[in-house]
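Everything on this sheet refers to the single structure shown next.
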Amino acid sequence: MVLAAAALLLAAAQAAPPAAPAATPTPAPPPAGPVVSLLTSLGEIRIALRPDKAPLTVDNFLKYVKGGHYTGTVFHRVIPGFMVQGGGMDATMKEKPTRPPVRNEAKNGLRNRRGTVAMARTNDPHSATAQFFVNVKDNHALDFGIRGAGYTVFGEVIQGMDVVDRIVAVPTGTRGGHENVPVTPVVIKSARVVSAGTARPAGPS
């Protein structure tokens, strides 16, 4: 009986069509917008910006990058399972001067999912200036219309998400009245545009 069952199983296997080869992953298209490199004390993070979806926010961010604002700032708010925030404070937790706020563009179809970069703000939807955050998980509660105006996503990490994960894992404490501050500062050593993007129209989000 065992032999007969084995023979039937072998016959079925021989009659079955060969398994289809595994599909080759489609390579990600090159970014259509500018790419910014943030060289941090824990490694490099590259962010592809989306001027097609958040033109005011991208223009604002690039002005800070090109003006040298981010050099010497730190990731001053680090929360595991949520996000890492930086771009506004130096290592002494002193806030740097900023340009006027930029209008909220969260109603652009881009979602706060892992790896995306969005603007930090106060309770005023149109109060974002220089501070930004990287989502380390899908944070759809921050999207437009879920709990209000939402937080504007304007880019995505295309290289260095492992660096972001290292940042979110650093020990934190309270400093200068701020919570979730890394005990050892995670410093942005430089911020620069490494690619102006292509003329290719941006694909779907």
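The values are calculated or read from the model by the stated rules, or taken from the named source; none is laboratory data. What you are looking at is a predicted structure, and each value in this text was computed from that prediction instead of being measured. All Cβ positions, even for glycine, are placed from backbone atoms using ideal geometry, and neighbour counts span all protein chains on display.
Of the residues Val84, Val163, Val134, only one is touching a Ser or Thr at 6+ places or on another chain (Cβ under 7 Å), within 21 Å of Gly43 (Cβ to Cβ) and either hydrophobic (A, V, I, L, M, F, W, C) or not in a loop (DSSP other than H, G, I, E, B) (or both); which?
Details: Val84 fails: touching a Ser or Thr at 6+ places or on another chain (Cβ under 7 Å); Val134 fails: touching a Ser or Thr at 6+ places or on another chain (Cβ under 7 Å).
So the residue among Val84, Val163, Val134 that is touching a Ser or Thr at 6+ places or on another chain (Cβ under 7 Å), within 21 Å of Gly43 (Cβ to Cβ) and either hydrophobic (A, V, I, L, M, F, W, C) or not in a loop (DSSP other than H, G, I, E, B) (or both) is Val163.
Evaluate the following for Ala149: is it under 27 Å from Pro55 (Cβ atoms) and in contact with a helix residue (DSSP H, G or I) (Cβ under 7 Å, 6 or more places away or on another chain)?
Details: under 27 Å from Pro55 (Cβ atoms): yes; in contact with a helix residue (DSSP H, G or I) (Cβ under 7 Å, 6 or more places away or on another chain): no.
The answer is no for Ala149.
State whether one or more residues within region 34-50 are part of a loop (DSSP other than H, G, I, E, B), modelled with pLDDT of 95 or more, surrounded by 23 or more Cβ atoms within 10 Å (Cβ to Cβ) and of a type in the set (A, V, I, L, M, F, W, C). Step through it out loud before you land on a result.
Applying the first criterion (part of a loop (DSSP other than H, G, I, E, B)) to region 34-50 yields 34, 41-42, 50.
Of the ones still in play, those that are also modelled with pLDDT of 95 or more are 34, 41-42, 50.
Right, trim to surrounded by 23 or more Cβ atoms within 10 Å (Cβ to Cβ) and you get 50.
Subsequent filtering for residues that are of a type in the set (A, V, I, L, M, F, W, C) retains none.
Looking for residues that are part of a loop (DSSP other than H, G, I, E, B), modelled with pLDDT of 95 or more, surrounded by 23 or more Cβ atoms within 10 Å (Cβ to Cβ) and of a type in the set (A, V, I, L, M, F, W, C), one finds none in region 34-50, hence no.
Would you say Ile146 is on the phi < 0 side of the Ramachandran plot and either in contact with a Ser or Thr (Cβ under 8 Å, 6 or more places away or on another chain) or in a strand (DSSP E or B) (or both)? Give the steps one after another, and end with the answer.
Working: on the phi < 0 side of the Ramachandran plot: yes; either in contact with a Ser or Thr (Cβ under 8 Å, 6 or more places away or on another chain) or in a strand (DSSP E or B) (or both): no.
Against the criterion (on the phi < 0 side of the Ramachandran plot and either in contact with a Ser or Thr (Cβ under 8 Å, 6 or more places away or on another chain) or in a strand (DSSP E or B) (or both)), Ile146 does not qualify.
Condition first: among the aliphatic types (A, V, I, L, M) and within 10 Å of the chain's Cα centre (by Cα). Now tell me which residues in region 105-121 satisfy that.
Val117, Ala118, listed by residue number.
Every residue in region 84-107 that is surrounded by 20 or more Cβ atoms within 10 Å (Cβ to Cβ) and either more than 20 Å from Gly176 (Cα to Cα) or of a type in the set (Val, Ile, Thr) (or both), please.
Val84, Val102, Asn104, Glu105, Ala106
Tell me, please, whether a residue that is hydrophobic (A, V, I, L, M, F, W, C), crowded, with 17+ Cβ neighbours inside 10 Å and in contact with a helix residue (DSSP H, G or I) (Cβ under 9 Å, 6 or more places away or on another chain) can be found in region 193-204. Steps first, please.
Going residue by residue through region 193-204, those that are hydrophobic (A, V, I, L, M, F, W, C) are 193-194, 196, 199, 202.
Narrowing the set further to residues that are crowded, with 17+ Cβ neighbours inside 10 Å leaves none.
Within region 193-204, not a single residue is hydrophobic (A, V, I, L, M, F, W, C), crowded, with 17+ Cβ neighbours inside 10 Å and in contact with a helix residue (DSSP H, G or I) (Cβ under 9 Å, 6 or more places away or on another chain).
Can you tell me which of (1) in contact (Cβ under 8 Å) with a residue 60 or more places away in the chain; (2) part of a loop (DSSP other than H, G, I, E, B) is the one Glu156 doesn't meet?
The one condition Glu156 does not meet is (2).
Kindly establish whether Phe133 is surrounded by 23 or more Cβ atoms within 10 Å (Cβ to Cβ), at pLDDT 95 or above and of a type in the set (Phe, Trp, Tyr).
Values: surrounded by 23 or more Cβ atoms within 10 Å (Cβ to Cβ): yes; at pLDDT 95 or above: yes; of a type in the set (Phe, Trp, Tyr): yes.
Yes; evaluated as a whole, the condition is true for this residue.
Any residue in region 142-153 that is over 11 Å from Arg121 (Cβ atoms) and surrounded by fewer than 16 Cβ atoms within 10 Å (Cβ to Cβ) sitting within a Cβ distance under 9 Å of a residue that is modelled with pLDDT of 95 or more and of a type in the set (D, E, K, R)? List the pairs, counting only those 6 or more apart or interchain.
As it stands, the answer is Gly145/Lys107, since those pairs meet every condition given.
So for region 170-184 (the condition being within 13 Å of Thr40 (Cβ to Cβ) and outside any loop (DSSP other than H, G, I, E, B)), does at least one residue qualify? Walk me through it before giving the result.
From region 170-184, those within 13 Å of Thr40 (Cβ to Cβ) are 170, 182, 184; that's our starting set.
With outside any loop (DSSP other than H, G, I, E, B) added as a condition, the list becomes 182.
The answer is yes; a qualifying residue exists.
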